[in-house]
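Laboratory data are not the source of any read-out in this text; all were calculated from the coordinates shown. Values in this document were obtained by computation on a predicted structure and should not be read as measured data. With ideal geometry, Cβ positions are generated from the backbone for all residues, glycine too; neighbour counts draw on all protein chains shown.
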Amino acid sequence: MSQPVNILNQTYARTGQSKTHNSMGMREMQARAFEKRHSQYLLIKSPPASGKSRAMMFLALDKLINQGIKKVIIAVPEMSIGKSFKSTALSDYGFFADWQVADRYNLCLNIAQSDSSKSAIFSEFLTSDVDDNSLPQVLVCTHHSFRYGFDKIIENGGSIELFNDILIGIDEFHHVSAGESNRLGAILDGIMTRTSAHIVAMTGSYFRGDSVPILSDSDEEKFDKVTYTYYEQLNGYEHLKSLGLGYHFYKKSFFDALDECLDTSKKTIIHIPNVNSLTAETDKYETVGRIIDVIGEVESRDDITGVMTIRAHDGKQLLLADLVTDDAMRANTQAYLADITSRDQMDIIIALGMAKEGFDWEYCEHVLTIGYRGSLTEVVQIIGRSTRDSAGKHHAQFTNLIAEPEADKSEVTSSVNDLLKAITLSLLMEQVLKPNINFKRRSELDILGKADLPAGTIIIDDTVNPPSDRVMKILNQDRDEILAQLAQNTENIKKYIAAETNNVETEAVSDTVIPSIIRSKYPALDTNEVRQVQEGVMQYMAINRQGGVVEGKDIPNDAVIENERCFIKQGHEYVDIATLNAERKSELNENDIIKERHLPSGAKIYDPKTKSSSSNDSNPSNGFVKVGSKFVNVNNLPIDLVKSVNPFHDAYEVLSRTVDKEVLQTINDVVHASRSTVTEAEAVLMWPKIVAFIKSKGRQPNRNSEDAIERRMTEVISYVRNQKAKREANSHD
C-alpha cells in the first residue's frame, strides 16, 4: 500500500512569540498593523489565527477616537465570520477603549433577516447624524449586504459622498477583484476615487485574487501593506512543531485510495469535490455515504446537533459532522462545531463549500482535499484549517488526493494539467512557509545599522545601477504574486519540466517566462527594472530551494563556510590570519583563532600591511545558504546557481518517485508535446523509422540519447500520442 508523499515538511521553533501580548493587549501581528494606523489605505496580509479581527478593532477605534473618522463599517464574506467582530472589552487587556457593536447594527446575527430589512438599517446607519456620539458608530455586515446596501442608497438618490470620513474594513479581501463582474471591487474603486473614506483590508491568502487582481494597479499603489508571514506565525506557536504538504495519487476511484491517506486517529477535515468537477464520481450525498462506509458504520445520529457516532472498522467510536447534506439539521451541526471546547467533541468533518475560511476548529490536525482545486486562495485557506495552535497537536498535515492521468482517456491533457497545477502549489507554499527573506539596499545600512537587520536580509549592492523604490517594493511585498502567476500557467510549468535536466534550457525558460509575467503585471517598469525584479525573484527561489537562510550563529562550529576568514584578537582589534607571516602563524594556538561568523558586530579589523583598521561590515549579511557540503553567504551565491533554479523540480521529482512508468510517460508526452515543433507531415515520414527502431532495438527511443535523430523520434511519439488524445476528446464532444 503506497503512502502519501510530502513535498514539503517544515519544522518550527515553538518560540511562543506570535502568541504573546504587549502592554496594550496586542499580539505581534496586531502591533505591527497598529504601527501603520495613520494610513488611509492599509492592506494586511496575515495567516489564519494571527488575530486579524482584533487588529481591525484596534485600528478602527484609534481612527474613531484620534483620527476624525466618524463611523466604521466592517464587511465579512459570510455571516458566520461576523461573530469575530462582536463587542469585546479590549480595555481589560490594556487598550484605551472597548469595541462595541449594537445588536441592531450587527447584520450577521439574524439569519432570517431579509436583504430589504438589512439595506434599510444600512441606510439608517449611514445617514444618521455623524456628530451625535450617542448613536452607534460601528456596523458589521456581509460583503453581500454592503454591496446591496450601497446600491440601494445610490438608486434612491443618495450620494457616494456619504462615505466621507468613514472607515470601511474588508475582511477576507481576496473575495474582491478588479474584474468587471465584481461589484465590490467597483464600489471600492468609486469610494477611493471620490471620497475621503479610509479602507483597511485583510486577507489570509498570500495569492490575492488568483488570476484576477483585487484592485487596479493605480488603486493598489495607494495601499500601505503590512505582512505577517506564515513562518512568523507558526514559528511563534507554543505547541505545533511541523507542517507537511503532501500528495497521494489514485488510479481508478478516490474511494479506493482513502484507506491509504485517511488516518482516523487524527482530527480530520475531508473536503470532497464539487459535483461538476472531473474528480466527482457520484453526487455529494452518495459521496458522503461512501466515505462513511470507508471509515466504518453509523451507530447513531444526535437528534439535536446532527452529529453522527461512527463505529470504525478498528472498533473505535468516532464523532463525525456532515456539512455537505443541506438539510435542516446542518445549521445545528454548524452551531455545535462553533462551540467546541475540547478534543473529544469531534473527530472527522466532511465538507464541500464549508469549513474553509473563518472556520475555527483548533484541534484539526489533517485536511484531506479530494481533487484539484483551481484557486490558490482556496487551498491556502484549507491548509489554514489545520495550522491553529493547540495543546497536544505537534504536526499539521495537508494531503491532496489527485487522480493519475490515464493515457487511454480522452481528457488526458486536461488531467495532466490539473495534476501539474495541484502539485506545483508546493512551490508557492515553500516560499511562504519558510523564514522570510528581506531585500535591503547597501546604502540603507548606514541608516538602519547592521544590528537591526532582520534575519534573512539580502543586501543589494546599489553603488552601481541602484534599484528603484518600485523595484524594492515589488521584491519585498509582491514577489509571491509573481510566483503565483508563474505556477498558475500550465504552459510555464510544462516548459520548466521539459527543461528539467538542462540548466542552460532552464535559464532560457526563466529569461523568457519570468520577465513576461513582470512586464504584464507592472507595465510601467523599464527594461532595467524588469531585470532587477527577475534577478531578485530568482535569488529568492534559489535560497529557499537550498533549504532557506541559516543565520551564522546557528551554523555548527565544524561546518565549512566558503571563503570564511579567521582572525586573532590583538588588543581591541582583530587581525586576519592570512595577513600574518609564516613565523607568526606557526605560533598560533587553535583556541585563539576566531572564525568570521563569531566576530562581534562592528569589530575593527587591523591590516598589518596598511597599518589601518576598518569595520567588518563590508559584507553585512550574516545569513548563509547550504550548497552541497558548504555554507555560502547569501550575498555571494553563485550566479549560475541562481539562474539555473527550476522552481518545479521538486514537484516533478515527486511524480517520478510516486507514479508508475506508464503514467510518467503520459505526463512527459503531454509536457514535451507542448513545446514540440513536430508537424503532421514529419510525423507521417518519421513513423516507419520509429517502428523499425523499436523492432531492431527492442526498446523505445530515449529522450536523453546522444543521437539527435533518436531524440527527435521521442518528440514525434509525444506529438502522435497528443494528437490522438485530442482527436478522441473531440469525438466525445
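Laid out as a table, the results:
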| quantity | calculated |
| --- | --- |
| Mean Cβ neighbour count within 10 Å, used as a protection proxy, ranking 308-314, 385-391 highest first | 385-391, 308-314 |
| Dipole magnitude (debye, nearest 20) for region 568-718, charges at Cβ of Lys, Arg, Asp, Glu | 160 |
| Furthest towards positive pole of dipole, ILE577, GLY548, ILE517, structure part region 489-580, Cβ charges | ILE517 |
| Estimated D of region 649-731 in µm² per second, where Rh is the Kirkwood radius over Cα pairs and Stokes-Einstein applies at 25 °C, 0.890 mPa s | 179 |
| The chain - share of DSSP beta bridges that are antiparallel (%, nearest 5) | 35 |
| Distant-in-sequence amide H partners of THR142 (H built 1.01 Å from N, under 5 Å) | VAL76 |
| Cβ-Cβ FRET estimate between ILE160 and SER520, R0 fixed at 45 Å, reported to 0.05 | 0.90 |
| Long pairs among LYS604/LYS643; LYS266/LYS626; LYS71/LYS152, criterion Cα-Cα beyond 30 Å | LYS604/LYS643; LYS266/LYS626 |
| Amide H within-cut-off set for ASP462, under 5 Å, with H built and near neighbours excluded | ARG442, SER443 |
| For PHE439, distant residues with modelled amide H under 5 Å away | ILE458 |
| Hits among lysines - C-alpha to C-alpha of LYS440 under 18 Å, sequence gap 8 or more where chains match | LYS225, LYS450, LYS473 |
| Rounded to the nearest 20 debye, dipole of the chain from Cβ charges on Lys, Arg, Asp, Glu | 1100 |
| For the chain, with +1 on Lys and Arg beta carbons and -1 on Asp and Glu, the positive-most of GLY185, ILE350, ASN702 along the dipole | ASN702 |
| For region 237-403, the spread of Cα positions along each principal axis, largest first, Å | 38, 37, 30 |
| Dipole-positive endmost among ASN563, GLY602, SER612 within region 559-624 (Cβ charges, Cα centre) | SER612 |
| Separation in nanometres of the label points that stand 7 Å from Cα toward Cβ, at THR527 and HIS239 | 5.8 |
| Computed magnitude of the charge dipole of region 559-624 (debye, nearest 20; Cβ of K, R +1, Cβ of D, E -1) | 140 |
| Correct choice for volume of the Cα convex hull per residue in Å³ that was computed from the model, options [x] 152; [y] 165; [z] 222 | [z] |
| Estimated vicinal HN-Hα couplings, Hz - region 157-169 in sequence order (Karplus 6.51, -1.76, 1.60; Gly, Pro = x) | x, x, 9, 5, 5, 4, 8, 4, 6, 10, 8, 10, x |
| ILE694/HIS313 FRET efficiency (R0 60 Å; Cβ-Cβ; nearest 0.05) | 0.80 |
| Over the chain: helical MRE at 222 nm, DSSP H runs n ≥ 4 each giving -39500 (n - 2.57), nearest 500 | -11000 deg cm²/dmol |
| Listed residue pairs exceeding 19 Å between alpha carbons, taken from LYS222/LYS521; LYS36/LYS63; LYS356/LYS434 | LYS356/LYS434 |
| Derived scalar couplings ³J(HN,Hα) [region 553-562; Karplus, 6.51 cos²θ - 1.76 cosθ + 1.60; whole Hz; x for Gly, Pro] | 5, 9, 7, x, 5, 8, 6, 9, 9, 4 |
| Highest average packing first - 166-174, 7-15, Cβ atoms within 10 Å | 166-174, 7-15 |
